[in-house]
Each structure stands twice: as C-alpha cells, then as structure tokens.
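Q: Structure provided below as structure tokens; questions to follow.
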Amino acid sequence: MNFSEVFKQSNQLCKVSPDGKYLATCVQYRLVVRDVSTLQIMHLYTCLDQISHMEWSSDSLFILCAMYKRGLVQVWSLEQPDWHCKIDEGSIGLVSSRWSPDGRHILNTTEFHLRITVWSLCTKAVSYIKYPKACQKGIDFSRDGSYMALAERRDCKDFVSIFVCDDWHLLRHFETETQDLAGLEWSPNGCVLAVWDSCLEYKVLLYSLDGRLLSTYSAYEWSLGVKSVSWSPSSQFLAIGSYDEKVRIINHITWKKIAQFEHPATVESTKTVYKEVERRPAVGTDEMSLHNITTGSTLFNTQSKYEICSLPVQIPVVKPDPDRANPKIGVSVLAFSSDNHYLATKNDNMASAVWVWNMQKMSLEAVLEQTSAVRCFQWDPRHPRLALCTGNTKLYLWSPGGCVAVQVPTEGNFLGPKLNYIVLRYRKGAELQ
Amino acid sequence: MGEWWTTEASMENCEISSISHVTMSPSRQNNFVSSYLFPLAKSSYSVISAFCTEDNVLQCISYINQELASLGLCSTYIEATSPEGTGLNAVPALNAIYELLQIHRRTMSTVEALEKEQLKKSSTMELMQTSNTRLKDQLELSIREKSGLHEMERQLQLKIKTLQSCLKTEKDEVQKLQSIIASRASQYSHDAKRKEREAAKLKERLSQLLVDRKDKKLAIDVLNCLGRSDGKRGHWKTAKATASHEGEMYKSLLSDYEASQKSLMLENAELKKVLQQMKKEMIHILSPCSSSGRGATADDSQEQHHDSDGEEKMGDTSRETLDQSCEHAREQLTNSIRQQWRKLRNHVEKLDSQVSQVQNQLESNKEMIPLETHEDEMERMRCEVQQCKEFIHAQQQLLQQQLNTSFDDETAALLNDCYTLEEKERLKEEWKLFEEQKRNFERERKNFTEAAIRLGREKKAFEEDRASWLKNQFLNMTPFTDRRRCSSSDGHSALSVRSEPEIRMSSVKAQLAKSSTYTTFSTPRSSQSGAVPSTPELYRTLRLIPESSSSRHSNRGLWQECSTIEDGDNQVKAKHRGRCSDLSIFSMGEDENSLS
C-alpha cells in the first residue's frame, strides 16, 4: 500500500468522483480537484463562503458545494471551468442539499423541513415538495436512479411519496402503518421499499413499488426496536439490527426471519477471533537522530498487530445508562460485502469489536477486537475486504485470509489509488480524533 | 390323670414363683426346696410323733390307700399282711412307692422346665421394659419436634399472609402505575399531536409569509442551461406522460416478478429433477431385486413382477405429467413417490424376512453341507502337512551339509581374502575421489584470496575517492552554511529532494510491503551501517552469487512498480534510488554525512 503526502482539507470534505478519476477536497472556501492517478491539481474553484457540504454528481462532471449558513449552493463543472451556477435559497434557510441521480437537478431541504426545493439545471425550473419528514433517513433514491421515495408527515400521519426522478412526477402516495416513521430504503433492485418505525416500536414494513404492503415484520414488542437496516446487494436479504443486540435476516420470498445473529459477550463458536495488541517500538540510541525528531511521526506512535485468540473470548462490554435517551446498546451499523458473502456488524455496547458473519453458512466468521472503539468500517467495493479505523493513525484490514494493521506514515492523510474509495472514508475517520 | 398333675404342678409352680420372686435367685430356691424336703423325710422316722406308729398301721394304710385313690392310683392297694398291721404286703406297697416316685420325678422335671421358661420370660420382659423406656423417650422427642414444626408453620403462614397482603398492594400499585402510564401516554400522544399540528400550522404560515414577501433572493443563476444527462429534451407533464410512467413502473415490477419467478422455476425444476432421479433409482433398486428374488417363491416373484410393471407405468405417467400443469404434476409426483416409498419399504421388510429365513435354513443345513467338503479339506491339508514336513527335512539336511563344509579351514581363508580384496578396491576409489575434491578446494581458496586482495585494493581506492570528495565537499560548504541549513529543514517537503534516511525508510517500506507480515511502516532502520562488508556482499562483489537472487533487487523492482503513480519528483527519486542501492553495500559514508 502506498500513501500520498498530506492534503489539506476542512470539514472532512474529501471525496473521490464516482468514476474514480478525480479527487475533490475543500479547504475553507476553496474547492480543489485533483487527478487521482497523478495527484496534480486540475482545477481550483473559489466559493463565496466556507463550504459546509460537497458532493459529486453521478456522472462525475459537476460538483455541488453547499454553504448552509448563507443558504447558498454553488455548482462547478469539470468540463467547462468557467461555467458556474449559484442557487440562493433566500431567507428560508438551507439544511441539506443533494444531487438527484441524473446529475441535473439539485434537491435542497429548507430549514424546519418546510419543503424540498428541486432546482433543474436544464430548465432553471423550480418545484417544491411540501411536508418532508425530518427523520433518520427520509429520502432515498432507487439504485438505477429512476425513483425517489420520500417520507412525509401530514395530519400526524406518515406517508410515503414515490416520485419519478425523470420529471418529478408523483407516482404513488400512500399512508404507512407506522407510529413515527424513522427511515426508508429501496432494495437494490428497486422493487421493494423497506420502511421502519422509530426505535419505540419494532416494526419493519415492506412496500412494493406500486404502494402495496407486501409484508410486516415485528420481532418483539414493548422494548426499543429497530436501530439499523441494510439490504444485501443482491436484494435477497434484509438485515435488521435492533436494540436487543441482535441482527435478524429476512428473506425476500416469504419476508420471514431466516437467521438471527447474536452478539454475546463471550464468543464461543467462530472461526477466529483477532485481537489487536499494541506495543511501543524499541528505540535504539542511533535512532535519536535529528531527522526522526523533526519528522516526529514514527517515534511517538505505537505499533499494532493482531493476535489470534483461543476460544472462548470475553469481549469488553460497556453497560449503557438506562436513564439516558438513545442508549449506547444494540446493533447500529450493518454492512454487506459487495459479493454478498459477508456481513459486518457493530454492537454499540461492545464498541471495540467488529463482527463478520458468513452469509452462506449463516454463522460467525470472525471477530475483530480492537484496543479502542471502532469509528467506522467499510467494505472494498470489489473484493471481500473490510477496512476499519478506530480514530488513531492506523488502518485495519480484514479479509477471509487474515487481518492486518497498517500504520499511516504521516499524521492524517493518505491515499492509495486502488483503495481510494475505502481509504478516503478512513481518512475521515482517522481525523476525527 | 395328667390333668390332675398339671393343676397340682401349676399350683406348686405358683407358689414357687412367688417364692422366687422374693428370693430372686433360682439356684437358692432349689436348695431351699431340697432342704425343705429332706428333713421332712428324716423326721418321719426319727420322731416318735410320726405319721405311722406300730399302733396305727392299719389306719395309716387305709389313709394312704385313700390318698392313693385320691391321687388316682387305685390299682395299687396296700394291704397289711397281718390284721395287726405289723407287716406290709410288699408288692403293692413298693408299687405304690414306685408310682409315687415316678410322679414326683415327673413333677420335678416339669418344675424345672417351668423355671427355665420363667427365666426366659423375665429376661424378655426386661428387654421389653428397656425398649419401652426408649420408645417413650422417642415419643417425647417427636412430640416436642412436632410442636416446634407447628410453631414454624404458624409463623410461615403468618409470613405468607403478610406477603400476600404485600402482593396485593404491589399489584394495586402496578395497576395504578399502568393506568398512570396509559393516561400519560395518551396525554403525551395527544400533546404531541397538538404540537405537531401547531408546528404544521406554523410551517404553513411561514411558507405563506415567504411566498407573500416575494423573496427576491430565492433564485438560480446559471451561466447557460445544461442538456439532460440522457441527451433527451424535457417533456411536458401530460396525461400521456403519467400513463407512460405507470406503464414503466408496472413493467419494472413485472420484470422483477418474472425474474423471481424464473429463479423459483429453476429451483423447482431442480427439486423435481432430484425427485425424479430418486424415483428412478428406487425403480432401479426394486426391479433387479424382484428378478433375483423370483427364484425364492413363485407367488412373491409374480407379485413383484406385477409391482415393477406398475412402477414403470407410474414413472412414465409422472414424467408426462411433469409437463402438465404444475399443481397436477406435483400431486401426481408426490403420490407416486409416496407409493413407491411404500413399496420400497414393503420390499425391504420382505427382504428382511427372507434373510432371516435363509439364515434359519443355513443353520439347519450347517451340519449337512460341509461334510463332504470337510473331508476333502482334511485330505488336502494332510497332503500339505506332509509336503511341509518333507521340505523341512530337506532344508535340515542341506544345512547340515553346509555346516560340515564350512568347518573346512582352507575354504574359509579363501573367502576372507576375497572380501579384503574387494574392500581394498573400494577404498582406493574413495581415496581418488577425495584427492580430486582436495584439489578443487585448493583452487577455490586460491581464487578467494586473489579476490580478497582485489577487493582490498578497490576498497582503498574508494577510500581515497571518498576522502577527496569529502575534502571537496568541505571546501565547497564553508562559505554556504545558510544554504545547507535550509536544505536540511526543507528536506521533508513533498517536491524537494529527499534526504538519505527517508529514502531508506521508503525502501524498508517496500520491503515490508513485500513480506506482507508487516505491522507498521515505522520500523527501526535496518542494520547495515557496519564498516566491514558482510559475506553476502563480498560474494556479490565477487559475482559468486548472481545479482538476481539478492532481495534488494526485487525490492527495487517492486518499489518502481508501486511508485509509478507518484507525481513530479519521480525522476529525483529514481536517481536517489539508484544511489541508495549502490550505497547499500557501503552505507557508512552517507550515514555519517547525515549525522554530522
């Protein structure tokens, strides 16, 4: 793995274009676009204020820079550097801005979720969508970019609107059987919409594209419910992580539970448990040279390596405070590998452990126990390889073959051309410290 | 008569028992009895005022007769020989005496037996008394325990009562709390709804206000409008468009359903195939069995033949029905499978019974069949034994002969000589080989010394070179101290020339990447700062080891490969790399520089 030198950035705004050719970083009010292969600056754009959000369009031709404080959005073109576009939301305010999947429309959510404004870059036309619901994930585009599902709240009832992204035509509008809708997500094939209720009630509803209720799933009652939901890339499974520290896998034919993954404090049956072990490097006197002190990076960092533990293994558990809202317990992150074979999960009261499940055998494949809490993890978009970071200067990689800890050479930034997507996400995590 | 005695005896016994009770000692009682009896007998003679005197013999006789009669001894009647009664008719008198003695003896024996019994009884009574006292104690204890338990029970019941009351109050409380919770929840939801409505109203008002104010700022400013991403023009919103959207939606839904149906069909077909195969195999298993089992019993074979025909027919029909409608086919298939399974089970059962029958038959035939073969076998074995014996005999003879010959001294010596000669020959060959190796070694050593000398010379030249270079450097450096400091501090910026340790670090990096067991990139420097070249290096300079086998070379290759994406300073790096690999042999000089 190779690392580039450190690039400056602010607000952790650093994104690789969807086609993987360019890298955009924001430094205060400047937007820098680099070529990924040479890392040379291609374009440099100056915005009107400090950039608070940046996003590539799906065709990698445009970059959206949002300045929420000013209620401004600026769009830049890579092909025509002198082309510019400025959208002013005015006094109504702006809390979120995003591209539509075709890369020709911009969806701005106003303050208080009063409405969503759809700006067309083709016709300058503007349309409004009223009553969007402020929730965990209130808007989702289908993977092929043809439909948008939007959660709405009217008269104290939850509704879902399905729009055709082509011309923002309202295709379906239906009421959902939820108390307080928390999120919705399209299946990757775009035919099923999963809708889940807020954590007060365990309820997952599955709607067809035409608004028919296909199935309702509820594992239990009278306790905090769904915490995270994720579709497998094949649309075959729906994984639901909940506050009872379990993941339930639902199949796409009967919409019933086919497997349940628990996260016990004592791991007894798995293939391997990797435990990160830290130790300070032995410093010889001949190393106290001027260079090492001035560069300073290597001297004060600890090395890490993984050890394979013999079963059973006790995983440290933090007991959550029951009186606080949103207790730190339950499965909060779920991610399927791109080839559907593995599922990685994180249980919030065992923050230092990542669990990898084998979806073919429906069993626990590996447990990675880190020395500190895991900040985020991400699968390689091509291979079954998981990268994670814990907010230090190390990057950890897991693959079915084994586990490795890599020290990032300088504080913070690095970039590997092949792993760019993952690594960038990691860079963010690493700088959260 | 017996009864008489027994009553008497019992009376006497009573008396004696009463006495024994007083005296408490049976032996003393016996003595007492005897001492009581004997003086009585004596006194009858010695004392004048005895029972019988010469005067009243007759009266005595009559009295005794009466007494005897009363005792039931009527047969013996004592008579006086003379009317005066001086003499007694001896025979009856003796008889009477004898009878009396007999009676006496009998009574004595019964008395003894009774005494023994009495003793036994008294001991058992004692035992009973002790057990009785013990039982009494136990009883008392258990009564006490019982009372204790009663007390405890009472207490427990009290506790239960209190707990029940507690439970009741708790239940009440729970109910109360539940009702409170329910009321709160309803209130909360009501409030939430009210608040939400208010918020909605506010939002509405806010948006209305914003619209009324005609927000001038709300605008889009685009240099020139873009084309659509798909290259088409925009459409008007028409009924046709909505219809087409609906159509498209249904199309996509339909295609999804079709795909899922196809996958399900495939799965179904596979399962059907498995079923079919299973059935075929069943038929296959069943049919040869029936043909083989035909020989057993005529009825059976006929039945089975019929069965297999039926099965074949079934198989055909089910194969046909596979192409028919799904439900029908499934029903038929499952039915036929079920039937066949039943048949298979029956068949297996039948086979089991047949096997058991055959076994029985075998058991019955066991003695019959082997008799002839047994005979044959025995004959054959005997022959074999005979052969073996002959063989052993021959061997023994041969051995004997050999022993006899080996005792011959001359032949032994000859043999020995042969062996030594052979060995000498071998040794000579080995010696030759050894000589050759020695020569080779000598040659190599010579080469080596020559090379060492050459190396020494080269090293010296290098040292001189270095000294001159250092001198030059020193001379060049003195006036430009500022520049030097600058270069040392700016050495870490991306586009500048890297200093030596950094390069070494990166080379270590590459090495680590290759080895794939690395944990970090900040490993300490590799120890190559020794002044004396190590043997592998020596070998390399002597070209004893081909260059390709050195690990440094492969590292370099990898590094080059990896670093192709690196920008600008590629060339500079490449230059450094070249230098680095050169220096890796004698890394001391550069190192010193960097430290100074």
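The values are calculated or read from the model by the stated rules, or taken from the named source; none is laboratory data. On a predicted model such as this, the values are computed, not experimentally measured, just so you know. Neighbour counts are summed over all protein chains in view; Cβ atoms, including those assigned to glycine, are modelled from backbone coordinates with ideal geometry. Accessible surface areas use protein heavy atoms only, side chains included; no ligands, DNA or RNA. Shrake-Rupley method; radii C 1.70, N 1.55, O 1.52, S 1.80 Å.
Q: Which residue, A:Leu386, A:Leu78, A:Leu334, has the most motion in a Gaussian network model of chain A that connects Cα atoms within less than 10 Å?
A: A:Leu78
Q: Could I have the simple spin-label model distance between A:Lys21 and B:Met125, label points 7 Å from Cα toward Cβ, reported in nm to one decimal?
A: 13.0
Q: Further question on the same structure: Which pairs in the list A:Lys246/A:Lys319; A:Lys124/B:Lys251; A:Lys227/A:Lys257; A:Lys133/B:Lys201 are over 22 Å apart, alpha-carbon to alpha-carbon?
A: A:Lys124/B:Lys251
Q: Label A:Gln28 and A:Ser269 with points 7 Å out from Cα along Cα→Cβ: what is the distance between them in nm?
A: Rounded to a tenth, the inter-label distance reads 6.0 nm.
Q: Sorting A:Trp222, B:Trp341 by accessible area (1.4 Å probe), largest first, what list results?
A: Heavy-atom accessible area, descending, gives A:Trp222, B:Trp341.
Q: For B:Asp417 and B:Asn89 in one chain, what is 0.36 nm times their gap in residues minus the Cα-Cα distance, to one decimal in nm?
A: 104.0 nm
Q: Using the Cα atoms of region B:124-276, I'd like the radius of gyration and the largest Cα-Cα distance, Dmax, both in angstrom.
A: 43.8, 133
Q: How high is the relative contact order of chain A, given as a whole-number percent (alpha carbon pairs under 8 Å, six or more residues apart)?
A: 9
Q: Enter the Cα centre distance for the pair region B:88-120 and region B:380-398, rounded to the nearest angstrom.
A: So the two Cα centres are separated by 100 Å.
Q: Find the accessible area per residue for chain A; the probe is 1.4 Å, ligands and nucleic acids are left out, and the unit is Å².
A: Dividing the accessible area of chain A by its residue count gives 41 Å².
Q: Using +1 on the beta carbon of Lys and Arg, -1 on that of Asp and Glu, and nothing else charged, what's the dipole of region B:126-276 about the Cα centre, debye to 20?
A: Using only the charged Cβ atoms, the result is roughly 1140 debye.
Q: Using only the alpha carbons of chain A, what is the convex hull's orientation-averaged projected area in square nanometres?
A: Over every viewing direction, the Cα hull of chain A projects on average to 23.2 nm².
Q: So for region A:64-152, averaging the separation of alpha carbon pairs under 8 Å that are six or more residues apart and normalising by length, what relative contact order in percent results?
A: 16
Q: Something else about it: If we sort A:19-25, B:99-105, B:394-400 on the protection proxy, mean other Cβ atoms within 10 Å, highest first, what's the order?
A: In descending order of packing, they fall as A:19-25, B:99-105, B:394-400.
Q: In nm, to one decimal, how far is the B:Tyr77 label point from the B:Glu198 one, both placed 7 Å along Cα→Cβ?
A: Going from the B:Tyr77 label point to the B:Glu198 one covers 15.0 nm.
Q: As I understand it, the dipole of chain A uses +1 on the Cβ of Lys and Arg and -1 on the Cβ of Asp and Glu, about the Cα centre. Which of A:Asn108, A:Ser96, A:Val27 lies farthest toward its positive end?
A: Going by the Cα projections, it comes out as A:Val27.
Q: Let me check the size of region A:47-196 from its C-alpha atoms; what are the radius of gyration and Dmax in Å?
A: Every Cα atom of region A:47-196 included, Rg and Dmax give 15.5, 50 Å.
Q: If exposed GluC sites (Glu not before Pro) are those in a DSSP loop with at most 11 other Cβ within 10 Å, what is the longest stretch of chain A that has none?
A: A:269-433
Q: Total Å² of accessible surface buried at the B-A contact, 1.4 Å probe, nearest 100?
A: Its buried surface, counting both partners, is about 5900 Å².
Q: To the nearest 10 square angstrom, what accessible area does B:Val211 show with a 1.4 Å probe?
A: 90
Q: Still on this structure, I have one more. With +1 on the Cβ of every Lys and Arg and -1 on the Cβ of every Asp and Glu, and nothing else charged, how large is the dipole of chain A about its Cα centre, in debye rounded to the nearest 20?
A: Dipole size: approximately 180 debye.
Q: Continuing with this model, one more query. Count neighbours as other Cβ atoms within 10 Å of each site's Cβ, and list the trypsin sites (Lys or Arg not before Pro) in region A:108-148 that are DSSP loop with at most 15 such neighbours.
A: Listed in order of number, the matching sites are A:Lys124.
Q: Need the C-alpha centroid separation for region B:410-469 versus region A:1-75, integer Å.
A: 72
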